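The values are calculated or read from the model by the stated rules, or taken from the named source; none is laboratory data. Predicted, not measured: the structure shown is a model, and the values here were computed from it. Every residue, glycine as well, gets a Cβ built from its backbone with ideal geometry; the counts of neighbours run over all protein chains shown. With ligands, DNA and RNA removed, areas are computed over all heavy atoms of the protein, side chains included. Shrake-Rupley method; radii C 1.70, N 1.55, O 1.52, S 1.80 Å.
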Amino acid sequence: MKQILGRLRRAVEDFNMIQDNDKIAVGLSGGKDSMLLLYALKLYQRFSPQKFDLCAITVNLGFDGYNPSPLIDFCKGINVPLNIIDTQIGKIIFEVRQEKNPCSICANMRKGALNNAAKAMGYNKVAYAHHSDDVVETFLMSLFFEGRINTFSPVVHLDKKDIYVIRPFVYVEEIDIYGAIKKLNLQIVKNPCPANGNTKRQYFKDFIKDMRHEIPNIKENIMGAISNTKQINLWDKEKIREICKKNTTQ
């Protein structure tokens, strides 16, 4: 956890993610990434120079057999309030609309429900658990499928909702998350989605894994291009810091 907390802190400082009196809602799906993000932010809260409130929000997609008990127990154990938002997103996508490529629309609907709930409860920031592997995979998906050089930003201000999305794990590698989850013995909630493990993202995850045999630093090189190449300049730290600075003056 020491390395993970160090990288989380670097992301927070690089992009000015957290300010005093922030109220941060963590999107808790029950997967390894969101479980560890909530745990890490709770630890970071103890020594952070900024004082902030923390809660967890889980969006129940409405799949049969969903059991949030492990999440309830986990949040009680680390003394973080948990709010469960019941929806029918899963049934709408797979039964009503019968989407052949459900991931994108599901993600948008899930994020919409999460952000709306956070705003309604008075939280000004929502933390997503995207890590550095997600950054690279999204970059490749955008390049190959959309013909764009793009990936998500560490900080986004959603103008219509007047809420901030932050991603404190953008410097954290997935392999380190696996290791931490195992050492901490955190109970993961199995993803009930029928499309789990059969997605475009999984294709690029496997692609990068195969390519590392030939180019060991491929992921690090792409990550470096995203964060450091001025010609691309996807992550302009000064602009992102300015976005967050506006939040302190409102």
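Anything in the range 126-149 that is open to solvent by 30 Å² or more (accessible area, probe 1.4 Å) and closer than 15 Å to residue 177 by Cβ? List them, or say none.
Residue satisfying the conditions is 130 alone.
Just one of the numbered conditions (1) touching a Ser or Thr at 6+ places or on another chain (Cβ under 7 Å); (2) part of a loop (DSSP other than H, G, I, E, B) is not true of residue 139; which one?
It is condition (2) that residue 139 fails.
In the list 115, 108, which residue meets the criterion of being within 24 Å of residue 151 (Cβ to Cβ) and open to solvent by 40 Å² or more (accessible area, probe 1.4 Å)?
108
Looking only at the range 150-163, decide whether some residue is open to solvent by 20 Å² or more (accessible area, probe 1.4 Å) and touching a strand residue (DSSP E or B) at 6+ places or on another chain (Cβ under 6 Å).
Taking the range 150-163 as the starting set, the residues that turn out to be open to solvent by 20 Å² or more (accessible area, probe 1.4 Å) are 150, 152-153, 156-162.
Filter once more, keeping what is touching a strand residue (DSSP E or B) at 6+ places or on another chain (Cβ under 6 Å): 156-157.
Looking for residues that are open to solvent by 20 Å² or more (accessible area, probe 1.4 Å) and touching a strand residue (DSSP E or B) at 6+ places or on another chain (Cβ under 6 Å), one finds at least one in the range 150-163, hence yes.
Name every residue in the range 83-123 that is in a helix (DSSP H, G or I) and of a type in the set (S, T, N, Q), in order of residue number.
Step one: filter the range 83-123 for residues in a helix (DSSP H, G or I), giving 89-96, 103-120.
104, 108, 115, 116, listed by residue number.
Only one of these is at pLDDT 85 or above, assigned to a strand (DSSP E or B) and open to solvent by 60 Å² or more (accessible area, probe 1.4 Å): 73, 53. Name it.
Only one candidate passes the filter, namely 53.
Looking at the range 125-151 only, could you name the residues that are hydrophobic (A, V, I, L, M, F, W, C) and in contact with an Asp or Glu (Cβ under 8 Å, 6 or more places away or on another chain)? If you could, list the steps in order and put the result at the bottom.
Quick first cut of the range 125-151, residues hydrophobic (A, V, I, L, M, F, W, C) only: 126-127, 129, 135-136, 139-141, 143-145, 149.
Selection gives 129 alone.
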